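The values are calculated or read from the model by the stated rules, or taken from the named source; none is laboratory data. Quick caveat, the model's predicted, so the values are computed rather than measured. As a convention, Cβ positions derive from the backbone with ideal geometry for all residues, glycine included, and neighbour counts pool all protein chains shown. Note: accessible area is taken over every heavy atom of the protein model, side chains too, but ligands, DNA and RNA are not part of it. Shrake-Rupley method; radii C 1.70, N 1.55, O 1.52, S 1.80 Å.
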Amino acid sequence: MNKINDLCNFLDNSPVNFWAVESTRTLLEKNGFTQLEMRDQWSLTKGDRRYVVTNGSAIFAFIVGSDAPANAGFNMIAAHSDSPGFRLKPGCEMLCEGNIVKLNTEVYGGPILYTWFDRPLSLAGRIILRSDNPLRPISKLVKIQQPLLVIPHLAIHFNRAVNEGNNLSKQKDMLPVIALSSKSHRNLIRNLVAEYTNEKADDIIDYDLSLYNVSPATVTGINNEMICSGRLDDLSMVHAGLSALIDAAATSSRHTRVLAVFDNEETGSGTKQGAASPVLQHILRRITYALGGDETAYMRAVASSFMISADNAHGWHPNYSEKYDPTNHPVLGGGPCIKVNANCKYMTDADSAAVFAAICQKAEVPVQYFVNHSDVAGGSTLGNILTSQIPLRGVDMGAPLWAMHSACETASVSDHLNTIKAFTAFYEL
């Protein structure tokens, strides 16, 4: 269970995207990876373990292969650091009757709103501090670990039909309360964060702060076969890819092995640190050029590469079987699953599905398939977005979950362990 304990710690230490990258960076550093800056000149040799951070919320790690990328290509796993939730708006403090203070928030992505009610919550993210260079302010991470907030639900006595359907206003119903009384609500958050980080409030120019569920990741089930936590989508896949890269690092490979953790998948990936940007393309080019290749070598490398786009899948729910495809619904505990869509919402085709199935067979891991019920529209993920930037062979896959985008999701312990095995086998090719 060591890997599951590691996963729980990783989830608990990664309440938001910035901290997911920091947790990843810390583990990479402990295992011999060193950081590169995009604005610097790169010099690489075979076997180098390096990583790049973008915006503090996306991270790209790689191990240089024994062969040039033009000859062996890149073996890549992609995942994302962000999860749906709530972010603080600027000037977020709102004073109510009785001096109760609530905070003005904006919904990020597509959370299941009512799962955030009546839970102890807190704040995490980053603050931006002034520096001597206006173009280069200082970024500092913030994670307030004590319970700080609650989004209180309305009592059933005031809404007798609450269990028959409850339409929620993101602006009215979902605002968290931070204090029952306050001498001054102005700059409450700025002053709180300044005190917590030992910074001067006047030096804080801005912030990216989000709410998070402080309840720790928990293993449950009569046989300890399930894990319940927020942010399993997609941090469980980040952890699986990271674990595999570290486990496989001692094994030499012809291929240059890459772990790409993007941000903003939950909002469409259309940012400089998202999968729709050229950030991965630029990094792969930089690697190729630093090893003596040119643009033709880069194109040859892409043609020889394979990507596993790892984003969790919808596990068959025992209470809602009618929501699932009758023949392609992965069950929790049945292994990682290949995601297929006829309208190309996923990058998977028969060729790439066969590759991943063969990898699972090599790792002695069971494999499943997920296809949407034909009357239910499916969303896209990293894979097909990336192929608009780079013409890669690749597969979309994920471990199945219950209650995806809930404040507390549920996954299978064995699925996570088997995903790590499959990823490790891929990196060891």
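Data for the structure
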read-out	value
Odd one out for V371, checked against (1) in contact with an Asp or Glu (Cβ under 7 Å, 6 or more places away or on another chain); (2) among the aliphatic types (A, V, I, L, M); (3) within 21 Å of V413 (Cβ to Cβ)	(3)
Those residues of the stretch 89-107 which are acidic (D, E) and either under 34 Å from the mean Cα position of the chain (by Cα) or assigned to a strand (DSSP E or B) (or both), in sequence order	E93, E106
Pairs, first closer than 26 Å to N418 by Cα in the stretch 294-320, second in a loop (DSSP other than H, G, I, E, B) and hydroxyl-bearing (S, T, Y), C-beta under 8 Å, six or more apart	S309/Y346; S309/T381; D311/T381; H314/Y324; W316/Y324; H317/Y324
Candidates L175, L154, L180 - the one that is under 28 Å from the mean Cα position of the chain (by Cα) and on the phi < 0 side of the Ramachandran plot	L175
Any hit, the stretch 391-398, residues being β-branched (V, I, T) and under 22 Å from S321 (Cα atoms)	no
Whichever residue in the stretch 197-235 is hydroxyl-bearing (S, T, Y) and surrounded by 19 or more Cβ atoms within 10 Å (Cβ to Cβ) and, among such residues, is nearest to I151 (Cα to Cα)	Y212
Total residues in the stretch 336-358, condition surrounded by fewer than 23 Cβ atoms within 10 Å (Cβ to Cβ), under 25 Å from the mean Cα position of the chain (by Cα) and of a type in the set (A, V, I, L, M, F, W, C)	6
Number of positions in the stretch 18-34 that are within 16 Å of Q145 (Cα to Cα) and either of a type in the set (S, T, N, Q) or not in a helix (DSSP H, G or I) (or both)	1
Count of residues meeting criterion [part of a helix (DSSP H, G or I) and more than 20 Å from R50 (Cα to Cα)] in the stretch 277-332	9
Residues (in contact with a Ser or Thr (Cβ under 6 Å, 6 or more places away or on another chain) and not hydrophobic (A, V, I, L, M, F, W, C)) located in the stretch 96-126	N99, G109, T115, G125, R126
Number of positions in the stretch 236-254 that are over 18 Å from T24 (Cβ atoms) and open to solvent by 30 Å² or more (accessible area, probe 1.4 Å)	4
